[in-house]
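*Asks:* Provided herewith is a single structure, encoded as structure tokens, for subsequent inquiry.
The values are calculated or read from the model by the stated rules, or taken from the named source; none is laboratory data. Quick caveat, the model's predicted, so the values are computed rather than measured. Backbone-built Cβ (ideal geometry, glycine too); neighbour counts: all protein chains shown. These area figures cover heavy atoms from the full protein model, side chains too; ligands, DNA and RNA do not enter into them. Shrake-Rupley method; radii C 1.70, N 1.55, O 1.52, S 1.80 Å.
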Amino acid sequence: MLQHVLAASRTNNQVVGVGSGSTIVYAVDRLAERVRQEKLNIVCVPTSFQARQLILQHGLTLSDLDRHPELDVAIDGADEVDSDLTLIKGGGGCLTQEKIVAGCAKHFIVIADYRKDSKALGQQWKKGVPIEVIPMAYVPVSRAIARCFGGEANLRMAVSKAGPVVTDNSNFILDWKFEQAQNWKEVNTAIKMIPGVVETGLFVGMAERAYFGMEDGSVQVRDPPVN
């Protein structure tokens, strides 16, 4: 699968956004292998502390958006991908940085396994849409989301420590478990207008291609529908 992605991105002399999560580990492994074998000149911009460590561990060139505000391609995973290439991201808590990096890239490519593939959001991913919020605002934001869009938005609690999950930006995360399909573009915009919301895990109209690794080892490619 990574062979397809990296070939499509024409990786030499490029700035690459490196996403977060389990799938990205394999992407960075393959990228580092190609850099060594083909002596490519690649600069990597991470979306999280985890991605930063991966880049350093593989001996790749680390940079940031201060030095490279325009990326050639960003490669990231997703918690769920629907038929329109609308994504839910943020299961690992890095949604804001992931969206910033993706938004700075000329091309945003998603890599995922077949279990992340859905016709509609919510079919496979049952934990809801992650929403990063300023800590003091999590209760009013949660109430506003439930009032406007239904369902419930719950504060994500940490597993190995007491208290809530804290993002790399020192914020909290709400997981909004919606009850029905929505106009995701409109909902994304409306939620972001609620005071205290930093960013949502809805990536609408951003991904230009998704590669799914199938059970049999094959790769399925999805492009956005032509309207």
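*Asks:* Between residues in the range 49-65 that are under 12 Å from residue 28 (Cβ atoms) and residues that are of a type in the set (D, E, K, R), which pairs lie under 8 Å by C-beta distance while being six or more apart or on different chains?
*Replies:* Between residues of the range 49-65 that are under 12 Å from residue 28 (Cβ atoms) and residues that are of a type in the set (D, E, K, R), the close pairs are 58/29; 62/52.
*Asks:* So which residues in the range 134-162 are surrounded by fewer than 17 Cβ atoms within 10 Å (Cβ to Cβ) and of a type in the set (Val, Ile, Thr), if there are any at all?
*Replies:* Matches in the range 134-162: 134, 139, 159.
*Asks:* Restricting to the range 22-52, count the residues that are closer than 25 Å to residue 167 by Cα, polar (S, T, N, Q) and open to solvent by 60 Å² or more (accessible area, probe 1.4 Å).
*Replies:* Residues in the range 22-52 being closer than 25 Å to residue 167 by Cα, polar (S, T, N, Q) and open to solvent by 60 Å² or more (accessible area, probe 1.4 Å): 2 in total.
*Asks:* Counting only residues that are assigned to a helix (DSSP H, G or I) and more than 23 Å from the chain's Cα centre (by Cα), how many does the range 115-151 have?
*Replies:* Residues of the range 115-151 assigned to a helix (DSSP H, G or I): 115-116, 135-149.
When the remaining residues are screened for being more than 23 Å from the chain's Cα centre (by Cα), the result is 136-137, 139-140, 143-144, 146-148.
Count: 9.
*Asks:* Please work out if residue 215 is surrounded by 13 or more Cβ atoms within 10 Å (Cβ to Cβ) and among the acidic types (Asp, Glu).
*Replies:* no
*Asks:* Hey, another quick one. Tally up the residues in the range 177-191 that are open to solvent by 100 Å² or more (accessible area, probe 1.4 Å) and either on the phi > 0 side of the Ramachandran plot or of a type outside the set (S, T, N, Q) (or both), please.
*Replies:* Of the residues in the range 177-191, 3 are open to solvent by 100 Å² or more (accessible area, probe 1.4 Å) and either on the phi > 0 side of the Ramachandran plot or of a type outside the set (S, T, N, Q) (or both).
*Asks:* Are any residues in the range 152-169 assigned to a loop (DSSP other than H, G, I, E, B), without any contact (Cβ under 8 Å) to a residue 12 or more places away in the chain and not basic (Lys, Arg), and if so, which ones?
*Replies:* Across the range 152-169, the qualifying residues are 158, 159, 160, 162, 163, 166.
*Asks:* Then there's this: Which of the residues that make up the range 184-227 are under 27 Å from residue 135 (Cα atoms) and part of a loop (DSSP other than H, G, I, E, B)?
*Replies:* 193, 194, 195, 196, 201, 204
Rundown of residues vs (1) among the hydrophobic types (A, V, I, L, M, F, W, C); (2) on the phi > 0 side of the Ramachandran plot; (3) not in a loop (DSSP other than H, G, I, E, B), yes/no style:
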{"position": "45", "(1), (2), (3)": "yes, no, yes"}
{"position": "52", "(1), (2), (3)": "no, no, yes"}
{"position": "55", "(1), (2), (3)": "yes, no, yes"}
{"position": "64", "(1), (2), (3)": "no, no, no"}
{"position": "73", "(1), (2), (3)": "yes, no, yes"}
{"position": "84", "(1), (2), (3)": "no, no, no"}
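*Asks:* Let me ask something additional. Would you mind stating whether residue 90 is surrounded by 21 or more Cβ atoms within 10 Å (Cβ to Cβ), in contact with a Gly (Cβ under 7 Å, 6 or more places away or on another chain) and within 15 Å of residue 25 (Cα to Cα)? Outline the logic, then answer.
*Replies:* Working: surrounded by 21 or more Cβ atoms within 10 Å (Cβ to Cβ): yes; in contact with a Gly (Cβ under 7 Å, 6 or more places away or on another chain): yes; within 15 Å of residue 25 (Cα to Cα): no.
When the stated conditions are applied, residue 90 does not pass them.
*Asks:* Which one of 137, 158, 146 is in contact with an Asp or Glu (Cβ under 6 Å, 6 or more places away or on another chain) and either over 28 Å from residue 210 (Cβ atoms) or at pLDDT below 95 (or both)?
*Replies:* On inspection, the qualifying residue turns out to be 146.
*Asks:* Let me ask you something else. Applying the selection to the range 98-133, what residues are buried (at least 18 other Cβ atoms within 10 Å of the Cβ) and free of Cβ contacts under 8 Å to residues at least 60 places away in the same chain?
*Replies:* Answer for the range 98-133, where residues must be buried (at least 18 other Cβ atoms within 10 Å of the Cβ) and free of Cβ contacts under 8 Å to residues at least 60 places away in the same chain: 122, 125, 128.
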